[in-house]
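Working notes, structure below.
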Amino acid sequence: MQGPTSHFYFSQRLRLHYVDWGNESAPPLLLVHGGRDHCRNWDWVAERLRDRYHVIAPDLRGHGDSAWAIGGGYDMSAYLYDIAQIVHQKGLAPVTIISHSMGAGICLNYSGAFPEQVKKIVAIEGLGPSPKVMAQQAKKSVDERLRSWISDRRENSGRAPRRYASIEEAVTRMAEENPHLSAEQARHLTVYGAHQNEDGTFSWKFDNHARWGGVGGLSHDDQHQLWRNITAPVLLMRGEESWASDPVKDGRIKNFRDARLVNFEGAGHWVHHDKLDQFMAETEAFLAS
């Protein structure tokens, strides 16, 4: 495939990377990846939509080829600012968004804060913890949560990026993470998601500190209010083999004015990889409606 071009923009003094698939006269489409992922995970989706949309896919801060946040600035508010900046700086509004996991959570919150900026949004498993998990979290006081966060940060501060002897070894690890991937998919995701170290080994590009996020940010109630603010149509997607709970069954879909859920049989957390054809059929029908 003829790939995209790489570009950079600045947000909170961080140099953040994105790829542009061209076709600038077409309607803008923003593709936003999840945690420990990168913008080139959307290549198969972008290839199918580039003829009708101006597709832009950013690397979130601390991911892919974007800068790492000094001081561990990986709160939801920081990610939200980055998305607001690329939409603002590139003049993308009103923008259509396709997003996954943490990226979907960020984009749903953005859509609620700036409803006039978003035309439609597809969110793959971006609703965060289930009501059952939220209830368990609520049993801890704020001081307990803060102490736990500091303890986890301190314990993991010395964690070094894992090194793989070869790119093939890293590909094997990628395939272990998602057994639905084809050999081609696993290699593609690895080639764009890893870099070679000076000693010849390979490590993942993402910042290990991005794993733990920040202690600040938005409460679950705040996020639910933002979802209620969204005026754009929302298509929620979920793999039936995933850890994510069903928002229809657990009631969270009621926080949206105009939302529909599609469950995918035989798919895990990465629906757009596991069931690409079915995902594209649902997505393209939604975008065309």
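The numbers here are math on the coordinates, done by the rules we state, and not lab data. On a predicted model such as this, the values are computed, not experimentally measured, just so you know. All Cβ positions, glycine included, derive from the backbone under ideal geometry; neighbour counts span all protein chains shown.
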query = Which of Asp222, Asp143, Asp75 moves most in a GNM of the chain, Cα contacts under 10 Å?
reply = Asp143
ask   = If you take the charge dipole of the chain about its Cα centre, with +1 on Lys and Arg Cβ and -1 on Asp and Glu Cβ, which of Ala183, Pro94, Tyr74 is farthest toward its positive end?
value = Tyr74
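Sorted from fewest to most neighbouring beta carbons within 10 Å, what does the list Val248, Val45 look like? Don't jump to the answer; show the numbers that get you there.
Details: Val248 15, Val45 22.
Taking fewest neighbouring Cβ atoms as first place, the list is Val248, Val45.
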query = At what distance in angstrom do the alpha carbon centres of the stretch 167-216 and the stretch 265-285 lie from each other?
reply = 22 Å
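Taking the Cα centre of the stretch 149-232 as origin and charging only Cβ (+1 Lys, Arg; -1 Asp, Glu), how large is the dipole, in debye to the nearest 20? Intermediate results must be reported in sequence, preceding the final value.
On the way: 10 positive and 12 negative charges, 32 e Å.
The dipole magnitude comes to about 160 debye.
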query = Taking the Cα atoms of the stretch 85-214 alone, what are Rg (to one decimal) and Dmax (as a whole number) in Å?
reply = 18.9, 49
query = Taking +1 at the Cβ of each Lys and Arg and -1 at the Cβ of each Asp and Glu, which of His195, Gly3, Gly158 sits farthest along the dipole of the chain towards its positive end, judged by Cα position relative to the Cα centre?
reply = Gly158
inquiry  = I need two numbers for the stretch 166-207: Rg to one decimal and Dmax as a whole number, Cα atoms only, in Å.
reply    = 10.0, 32
Members of Lys254/Lys275; Lys119/Lys254; Lys139/Lys254 lying beyond 22 Å, as alpha-carbon distances in this model show = Lys254/Lys275; Lys139/Lys254
request  = Would you work out the charge dipole size for the stretch 9-134 about its Cα centre, treating the Cβ of every Lys and Arg as +1 and the Cβ of every Asp and Glu as -1, and quote it to the nearest 20 debye?
outcome  = 120 debye
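Given +1 on the Cβ of Lys and Arg, -1 on the Cβ of Asp and Glu, and no further charges, what dipole in debye does the chain carry about its Cα centre, rounded to the nearest 20?
Values: 33 positive and 36 negative charges, 167 e Å.
So the dipole magnitude of the chain works out to roughly 800 debye.
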query = On the first, second and third principal axes, largest extent first, how far apart are the outermost C-alpha atoms of the stretch 162-231 in Å?
reply = 47, 28, 18
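Mean separation of Cα pairs under 8 Å and 6+ residues apart, divided by the residue count of the chain: what relative contact order is that in percent?
Working: 518 pairs, mean separation 52.6, N = 289.
Reported as a whole number, the value is 18 percent.
Provide the percentage of antiparallel DSSP beta bridges, counting only those with both residues in the chain; round to the nearest 5. Display every interim value, and only then the final one.
Details: 14 of 37 bridges.
Roughly 40 percent of the beta bridges in the chain run antiparallel, per DSSP.
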note = Expressed in angstrom, Rg and Dmax over the Cα atoms of the stretch 131-289 are 19.5, 53
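In the stretch 163-225, what chymotrypsin sites (Phe, Trp or Tyr not before Pro) fall in a loop by DSSP, with at most 16 other Cβ atoms inside 10 Å? Could you put the intermediate results ahead of the total?
Working: sites: Tyr164, Tyr192, Phe202, Trp204, Phe206, Trp212; in loops: Phe206, Trp212.
Those satisfying the criteria are Trp212.
Looking at the stretch 1-110 from every direction and averaging, what is the projected area of its Cα convex hull in nm²?
Working: hull surface 24.7 nm².
That works out to 6.2 nm², a quarter of the Cα hull's surface.
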ask   = Computed over the Cα atoms of the stretch 223-281, what is the ratio Rg over Rh, Rh following Kirkwood?
value = 1.00
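Place the peptides 89-96, 63-70, 4-11 in order of packing, highest mean first, counting for every residue the other Cβ atoms within 10 Å and averaging per peptide.
Details: 89-96: 16.8, 63-70: 20.2, 4-11: 14.9.
For the peptides 89-96, 63-70, 4-11, the packing ranking is 63-70, 89-96, 4-11.
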